[in-house]
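Here the structure comes first, spelled out in structure tokens, and everything after it is commentary.
Laboratory data are not the source of any read-out in this text; all were calculated from the coordinates shown. This one's a predicted model, so the numbers in the text were calculated from it and none came from an experiment. For neighbour counting, all protein chains shown are included, and Cβ atoms are generated from backbone atoms with ideal geometry for every residue, glycine included.
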Amino acid sequence: EAMTEIEQRILSALLDMEQALANIQTAKPKPNLLEHFEKIEYLTGELPRGTDRDLLHYLHKKSYEKARLHLQGRAAENAEGTCR
């Protein structure tokens, strides 16, 4: 199933945030992680009704790695959480 434009933008934002986190030790200046979180929160709010419930769950619970895997079609790699 093809990603919607908003889902593509969320995936891009998640990847940007992961990159910022990966480089945080050496980055000068330090990245503003709050900007990444706010962008993801904003985009999550833009998702339409009928969006995949698992994706919404991951985003609302801030399980960003699980959300990324889900968007990349790798949901099978997500370990069952303790939420269910």
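Eigenvalues of the Cα gyration tensor times 5, then square-rooted: what semi-axes does that give for the range 21-84, in whole angstrom, largest first? Intermediate values should be presented prior to the final figure.
Values: eigenvalues 119, 50, 20 Å².
Ellipsoid semi-axes (Å, largest first): 24, 16, 10.
Can you tell me the order of 66-72, 22-28, 33-39 when each peptide is scored by its average per-residue count of other Cβ atoms within 10 angstrom, highest first? Write out the running numbers ahead of the final one.
On the way: 66-72: 19.9, 22-28: 9.1, 33-39: 13.6.
My ranking of the peptides, most packed first, is 66-72, 33-39, 22-28.
Counting helices only, and only those DSSP H runs with n ≥ 4, report the 222 nm mean residue ellipticity of the chain as the sum of -39,500 (n - 2.57) divided by its residues, in deg cm²/dmol to the nearest 500.
Details: 4 runs with 48 residues, N = 84.
Helices in the chain give a 222 nm mean residue ellipticity of -17500 deg cm²/dmol.
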Between the range 11-40 and the range 47-78, what's the alpha-carbon centroid distance in Å? 19
How high is the relative contact order of the chain, in percent, with contacts defined as C-alpha pairs under 8 Å that are six or more residues apart? 31
